[in-house]
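Visitor: Have a look at the structure that comes next, please.
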Amino acid sequence: MSEIVLRDVTKYFGSVHALDGISLEVAPGELVALLGPSGCGKTTLLRSVAGLLQPDSGQILIGGKDVTGMPTRERPIGMVSQSYALFPNMTLRNNIAFPLVVRNVPASEITRRVSELLDLVQLDAQADRYPKQVSAGQQQRTALVRALAPQPDVLLLDEPLSALDALVRHQLRDEIRRIQQAVRTTTIFVTHDQSEAMAIADRVAVMHRGRIEQIARPPELYDRPGTPFSAAFVGSRNALELPVRDGQVSLGSAFAVRPPAGSGIRVVIFFRPEDVEIITDGRGHPATLEVKIFLGATTRLHLVTDVDGKQARIYADVPSRQAASLEPGSTLGIRVDPANVRVFSVEG
Amino acid sequence: MSAARLPRILSSVMFGALALYLILPMLAVLIYSLARRWTATILPDGYTVQYWISALQDPRLFGAFVRSVVLAGATVAIDVLVVVPATYWAYVRNRRIRIIAEMAAVVPFALPWVAIAFGILLLSGRFAPALLGTPLLLMLAYAAVHFPFLYWAVDGAMAAADVVALSEAAETCGATPLQIIRRVVVPNITGGVVSGGILVFASSFGEFALVQMLVGGSFETVPLWSADALRATLGKFPELAVITFTTFMVLFVLSAILVFGTGAQTIRLLPGARAVEQRR
Ligand SMILES: Nc1ncnc2c1ncn2[C@@H]1O[C@H](COP(=O)(O)OP(=O)(O)OP(=O)(O)O)[C@@H](O)[C@H]1O
Ligand SMILES: [Mg+2]
């Protein structure tokens with residue numbers, strides 16, 4: 001049985017369709033990442049599960065129980081918002097104790113549980129400081145264990161890492177995963193960062209304009225995006241619109257593939273930068289190297305090429321050793337394995 | 001001279017000038033209350049504590065002082081009890097009623113006192129004639145007329161503390177509305193309550209027009225006594241200086257204790273200040 005079930009949940013803000021018939025099931029102990037661009041409805045979805053706002057229609061179940069009309073405080077949830085919202089008038093220790101205090105848990109039990117949680121995130125030394133007196137990462141960890149303190153059935157995290165710098169963000173991402181695996185709390189994790197979603201989640205739900213476009217395990221989503229939107233959003237793919245000729249779609253001699261049945265006269269094709277092969281012996285589709293961007297082990301090439309009579313930019317990731325010999329301004333050949341090309345018919 | 005020191009000196013000069021501007025009138029009042037005779041010279045001819053003794057021993061003046069303090073204190077209490085929960089509600093639960101609160105807050109400043117006093121008399125005569133001419137009506141009228149100071153201060157404090165996010169967080173922690181107000185909202189807006197409360201107290205203490213028109217001489221407050229003292233027949237100018245100085249000191253010390261005691265931050269009081277506030 002699923003721990004969290006959403007059935008056809010809809011929410012309008014005036015004329016904005018923030019949630020457009022969302023259905024989602026999350027298994028017990030599972031971590032699902034909600035991935036999507038700004039304004040696609042991630043926060044609205046999370047707040048509906050928390051009961052902070054009321055959907056216009058649809059049903060929300062937690063642990064098999066319909067909670068659609070239930071007030072927030074009665075739902076078995078813990079939540080971390082983007083701003084953490086720690087109580088400035090309380091020390092970290094009292095922040096973590098708050099959910100237990102309002103539930104009238106006995107004092108000795110609170111002391112025990114809070115020190116256990118402080119231990120879990122290594123905050124013992126800062127426990128008696130106020131939120132303003134600790135770093136952003138420490139605030140984030142406090143917010144996380146405050147949400148976990150009452151041992152909720154469901155943990156809701158709204159972009160919990162977006163306010164942190166890159167190094168701390170990666171550390172905390174792994175720490176959230178470690179803690180979530182340890183306590184096995186069913187979790188919805190909102191993010192607009194695809195690599196964060198891939199790294200942390202059991203399954204990733206790609207959201208677009210109030211809908212869930214695709215929900216899949218990270219490798220599957222990465223290799224086989226189900227819609228043009230998830231193809232473009234996940235894996236930062238190259239996207240090109242091409243005509244269908246003689247039942248085939250091709251980019252010069254770079255690749256030729258068959259479009260899906262029922263496609264119109266134009267299709268959109270996607271391929272990842274790391275699947276672009278660079279050939280220097282004169283074969284392949286000609287492209288001019290514009291810029292090289294060194295990324296460490298790989299180098300990203302910005303290539304300009306002729307696509308269906310127009311200039312288009314294509315990105316390619318190649319091993320940095322190979323890129324060293326390529327000169328900006330020179331003409332190279334490109335090729336893409338047809339197995340790595342995704343084709344979608346043009347919408348509407 | 002280093003670049004950093006120039007603004008320091010400038011700010012000291014500005015502060016000194018402002019302090020002088022504020023202190024001089026009070027100093028003049030103090031000297032006048034202690035002067036034997038002070039007419040054509042820069043400083044008085046001689047000093048005496050005679051007027052202080054007579055003023056503080058005057059039962060009529062003492063009575064007026066006590067009535068003023070109690071009235072102003074009660075007004076603050078009513079306003080805090082009504083305005084804080086109402087502002088919370090308007091701020092967190094139903095932002096649409098904010099427009100009503102904003103408009104209500106402008107009324108006492110937009111209408112002339114006569115119109116307000118007459119309106120209150122009319123309303124009371126219609127719905128609660130028993131209240132006419134009583135201190136209770138005066139207290140309710142004060143609360144109604146002086147609440148904007150508290151409303152603006154509390155509203156500003158709620159914006160500064162991001163009370164919406166805090167109460168939502170408290171809700172997801174399982175807290176009831178009462179627990180949220182008591183443990184999360186109130187502790188984070190004390191600065192606003194204190195600075196707004198002081199303004200309500202001060203403006204109620206100094207209120208003249210309403211008390212004159214609603215109850216008149218039957219409930220003499222310090223401003224009424226002062227008006228009387230100014231009339232030539234009474235001619236109690238030095239005593240007036242005594243009570244003015246005393247009132248000022250009481251308010252000043254009260255403000256200082258409250259502001260330092262609660263660690264209150266300065267709250268933007270003016271309605272326009274919220275236009276630049278950050279909302280999520
Ligand atoms: N209270 C509100 N009133 C009106 N419109 C709203 C409200 N909350 C959200 N919206 C609109 O609903 C849509 C979805 O908003 P939501 O906050 O859920 O997006 P999001 O995916 O969380 O975006 P972000 O990544 O920027 O946080 C947006 O178009 C937003 O402008
Ligand atoms: Mg959001």
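The values are calculated or read from the model by the stated rules, or taken from the named source; none is laboratory data. The structure presented is a predicted model; accordingly, all values stated were derived computationally and were not measured. Positions of Cβ are backbone-derived with ideal geometry, glycine not excepted, and every protein chain shown enters the neighbour counts. All accessible areas refer to the heavy atoms of the entire protein, side chains included, with ligands and DNA or RNA removed. Shrake-Rupley method; radii C 1.70, N 1.55, O 1.52, S 1.80 Å.
Visitor: Check the range A:86-95 and report whether any residue there is within 30 Å of A:S2 (Cβ to Cβ) and either open to solvent by 40 Å² or more (accessible area, probe 1.4 Å) or part of a loop (DSSP other than H, G, I, E, B) (or both).
Guide: The answer is no; no qualifying residue exists.
Visitor: Output the residues belonging to the range A:96-137 that are assigned to a helix (DSSP H, G or I), closer than 23 Å to A:S162 by Cβ and open to solvent by 20 Å² or more (accessible area, probe 1.4 Å).
Guide: A:L120, A:Q126, A:K132, A:Q133, A:A136 - these are the residues of the range A:96-137 that are assigned to a helix (DSSP H, G or I), closer than 23 Å to A:S162 by Cβ and open to solvent by 20 Å² or more (accessible area, probe 1.4 Å).
Visitor: Still on this structure, please answer the following. So which residues in the range B:18-76 are assigned to a loop (DSSP other than H, G, I, E, B) and aliphatic (A, V, I, L, M)? Full working, then the answer.
Guide: Here is the first cut: in the range B:18-76, the ones assigned to a loop (DSSP other than H, G, I, E, B) are B:36-46, B:48-49, B:58.
Answer for the range B:18-76, where residues must be assigned to a loop (DSSP other than H, G, I, E, B) and aliphatic (A, V, I, L, M): B:A40, B:I42, B:L43, B:V49.
Visitor: Which of the residues spanning the range B:165-193 are more than 7 Å from chain A (Cβ to nearest Cβ) and open to solvent by 20 Å² or more (accessible area, probe 1.4 Å)?
Guide: Filtering the range B:165-193 down to residues more than 7 Å from chain A (Cβ to nearest Cβ) leaves B:167, B:170, B:177-178, B:180-183, B:185-186, B:189-193.
Residues satisfying the conditions are B:P177, B:L178, B:I181, B:R182, B:R183, B:V186, B:T190, B:V193.
Visitor: Hey, any hits in the range A:326-337 for a residue that's within 28 Å of A:R224 (Cα to Cα) and open to solvent by 20 Å² or more (accessible area, probe 1.4 Å)?
Guide: The answer is yes, given that some residue of the range A:326-337 is within 28 Å of A:R224 (Cα to Cα) and open to solvent by 20 Å² or more (accessible area, probe 1.4 Å).
Yes or no, residue by residue, for (1) within 26 Å of B:Q212 (Cβ to Cβ); (2) of a type outside the set (S, T, N, Q):
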position	(1), (2)
B:V13	no, yes
B:L18	no, yes
B:I31	no, yes
B:T41	no, no
B:D45	no, yes
B:Y51	yes, yes
B:S54	yes, no
B:F62	yes, yes
B:R67	yes, yes
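Visitor: Let me ask another. Filter the range A:35-52 down to the residues that are of a type in the set (A, V, I, L, M, F, W, C) and near ligand 2 (Cβ under 10 Å from one of its atoms), then identify the one that is surrounded by the most Cβ atoms within 10 Å (Cβ to Cβ). So that I can check it myself, show each step before the final result.
Guide: Restricting attention to the range A:35-52, the residues satisfying the condition of being of a type in the set (A, V, I, L, M, F, W, C) are A:35, A:40, A:45-46, A:49-50, A:52.
Next, from what is left, pick out any that are near ligand 2 (Cβ under 10 Å from one of its atoms): A:40, A:45-46.
Working: A:C40: 24, A:L45: 29, A:L46: 22.
Within the range A:35-52, the match that is surrounded by the most Cβ atoms within 10 Å (Cβ to Cβ) is A:L45.
Visitor: Still on this structure: List every residue pair whose Cβ atoms sit under 6 Å apart, with the two residues 6 or more apart in sequence or on different chains, where the first one lies in the range A:39-53 and is more than 16 Å from A:Q194 (Cα to Cα) and in the same structural domain as A:V154 (by TED's automatic domain parsing) and the second, anywhere, is more than 6 Å from ligand 1 (Cβ to nearest atom) and of a type in the set (D, E).
Guide: A:T43/A:D158; A:L46/A:D158; A:L52/B:E168
Visitor: Right, another one. Which pairs do you get when a residue that is away from chain B (no Cβ under 12 Å) and more than 16 Å from ligand 2 (Cβ to nearest atom), found in the range A:148-175, comes within reach of a residue that is open to solvent by 10 Å² or more (accessible area, probe 1.4 Å) and outside any helix (DSSP H, G or I), reach meaning Cβ atoms under 6 angstrom, with the pair 6+ apart or on two chains?
Guide: A:D153/A:G63; A:D153/A:P76
Visitor: Against the condition farther than 20 Å from B:A202 by Cβ and of a type in the set (A, V, I, L, M, F, W, C), how does B:I116 come out, does it pass?
Guide: Values: farther than 20 Å from B:A202 by Cβ: no; of a type in the set (A, V, I, L, M, F, W, C): yes.
No: the conditions fail for B:I116.
Visitor: Within the range A:56-69, can one find any residue that is of a type in the set (G, A, S) and within 14 Å of ligand 2 (Cβ to nearest atom)? Step through it out loud before you land on a result.
Guide: Residues of the range A:56-69 that are of a type in the set (G, A, S), as a first pass: A:57-58, A:63-64, A:69.
Then drop every residue that is not within 14 Å of ligand 2 (Cβ to nearest atom), which leaves none.
No: the range A:56-69 contains no residue that is of a type in the set (G, A, S) and within 14 Å of ligand 2 (Cβ to nearest atom).
Visitor: Shifting gears a bit: Which of the following residues is out of contact with any His (no Cβ under 8 Å at 6 or more places or on another chain), open to solvent by less than 60 Å² (accessible area, probe 1.4 Å) and over 22 Å from A:S236 (Cβ atoms): A:S320, A:S263?
Guide: Values: A:S320 fails: over 22 Å from A:S236 (Cβ atoms).
The match here is A:S263.
Visitor: Another question, then. Select from the range A:13-34 the residues that are within 13 Å of ligand 1 (Cβ to nearest atom) and in a loop (DSSP other than H, G, I, E, B) and write down the one among them that is least open to solvent (accessible area, probe 1.4 Å).
Guide: The qualifying residue least open to solvent (accessible area, probe 1.4 Å) is A:G14.
Visitor: Which one of the conditions (1) on the phi < 0 side of the Ramachandran plot; (2) open to solvent by 10 Å² or more (accessible area, probe 1.4 Å) does B:G133 fail to meet, given that it meets all the rest?
Guide: All conditions are met except number (1).
Visitor: Is there a residue in the range B:60-79 that is under 20 Å from B:I189 (Cβ atoms), free of Cβ contacts under 8 Å to residues at least 40 places away in the same chain and in the same structural domain as B:V164 (by TED's automatic domain parsing)?
Guide: Scanning the range B:60-79 turns up at least one residue that is under 20 Å from B:I189 (Cβ atoms), free of Cβ contacts under 8 Å to residues at least 40 places away in the same chain and in the same structural domain as B:V164 (by TED's automatic domain parsing).
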